[in-house]
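So the structure is just underneath, and the comments pick up after that.
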Amino acid sequence: MLFHAAAGGVGLIACQWARALGLQLIGTAGSDAKCELAREHGAAHAINYRREDFVARVKEITGGKGVKVVYDSIGKDTFERSLDCLRPLGLMVSFGNASGPVPPFSIGVLGPKGSLHLTRATLFTHIATRENTQAMADELFEVVQSGAVKIRIGQRYRLADAAQAQRELEARNTTGSSVLIP
Ligand SMILES: NC(=O)c1ccc[n+]([C@@H]2O[C@H](COP(=O)([O-])OP(=O)(O)OC[C@H]3O[C@@H](n4cnc5c(N)ncnc54)[C@H](OP(=O)(O)O)[C@@H]3O)[C@@H](O)[C@H]2O)c1
């Protein structure tokens, strides 16, 4: 799979969880230091997408085949090129808009790119029932309790400094999870 922003809060969880499942995760991140962090947390490969062409690198890493799944929380800046990383019948999971919303596009493009599947995932659909929420929480806490996934808190802020936390997130200066302390 390809996972964008692999050194972020969700990203570092994904890197470790993929490793625990025996999956090869190719992460992207906005600096060499962040790439190193993603690799340390289990990414099989990491691409600095500020200076490398991530489509070309994914093709190179996968021997020209492309990946089965892309997890894209970046949105506008990466969406179209993410589709080009998929192998035929691959799945594009768009789950965030860090760079802005994905502009409207024609679903026709999914055909020639290999009959691709596309979903726009939101947490709220998945936690709509008590049963699903409990099942997902059980799975998460199992991997956390086993030590397979460690939640890396990259920075802590006083709640009164929430604006500063927001600015640092926007500036792409954070890694791992951020915690606001009341
Ligand atoms: N679908 C849902 O229900 C759901 C639920 C929770 C979170 N989310 C989404 O999941 C994503 C990850 O959440 P997170 O809390 O773990 O955040 P995060 O990944 O720690 O932070 C966002 C990262 O996006 C990257 N990025 C790329 N372009 C950016 C831009 N123009 N402006 C700002 N950041 C940019 C930056 O990493 P690099 O510098 O490495 O590029 C930044 O660190 C977010 O997009 C969030 O909205 C979705």
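A few notes on this one:
- Residue tally, condition in a helix (DSSP H, G or I), among the β-branched types (Val, Ile, Thr) and farther than 17 Å from residue 95 by Cβ, over the stretch 11-56: 1
- Filter result for the condition that a residue is within 18 Å of the chain's Cα centre (by Cα), surrounded by 11 or more Cβ atoms within 10 Å (Cβ to Cβ) and of a type in the set (Asp, Glu), over 84, 161: 84
- Taken over the stretch 87-96, the criterion of being crowded, with 21+ Cβ neighbours inside 10 Å and out of contact with any strand residue (DSSP E or B) (no Cβ under 6 Å at 6 or more places or on another chain) is satisfied by no residue.
- Taken together, 132, 173 contain a single residue that is within 11 Å of the ligand (Cβ to nearest atom), surrounded by 11 or more Cβ atoms within 10 Å (Cβ to Cβ), polar (S, T, N, Q) and not assigned by TED's automatic domain parsing to the domain that holds residue 96, which is 173.
- Residues of the stretch 23-45 that turn out to be open to solvent by less than 60 Å² (accessible area, probe 1.4 Å), free of Cβ contacts under 8 Å to residues at least 60 places away in the same chain and more than 10 Å from the ligand (Cβ to nearest atom), as a count: 5
- Residue satisfying all of: in the stretch 138-154; at negative phi and more than 19 Å from the chain's Cα centre (by Cα); most open to solvent (accessible area, probe 1.4 Å) among these: 145
- Being small (Gly, Ala, Ser), in contact with a strand residue (DSSP E or B) (Cβ under 7 Å, 6 or more places away or on another chain), open to solvent by 60 Å² or more (accessible area, probe 1.4 Å) and away from the ligand (no atom under 12 Å from the Cβ) holds for only one residue in 106, 115, and it is 115.
The values are calculated or read from the model by the stated rules, or taken from the named source; none is laboratory data. Nothing here was measured: the structure is a model prediction, and the numbers come from that model. Please note: Cβ atoms are built from the backbone with ideal geometry, for glycine as well, and neighbour counts cover all protein chains shown. Accessible surface is based on the protein model in full, side chains and every heavy atom, while ligands, DNA and RNA are left aside. Shrake-Rupley method; radii C 1.70, N 1.55, O 1.52, S 1.80 Å.
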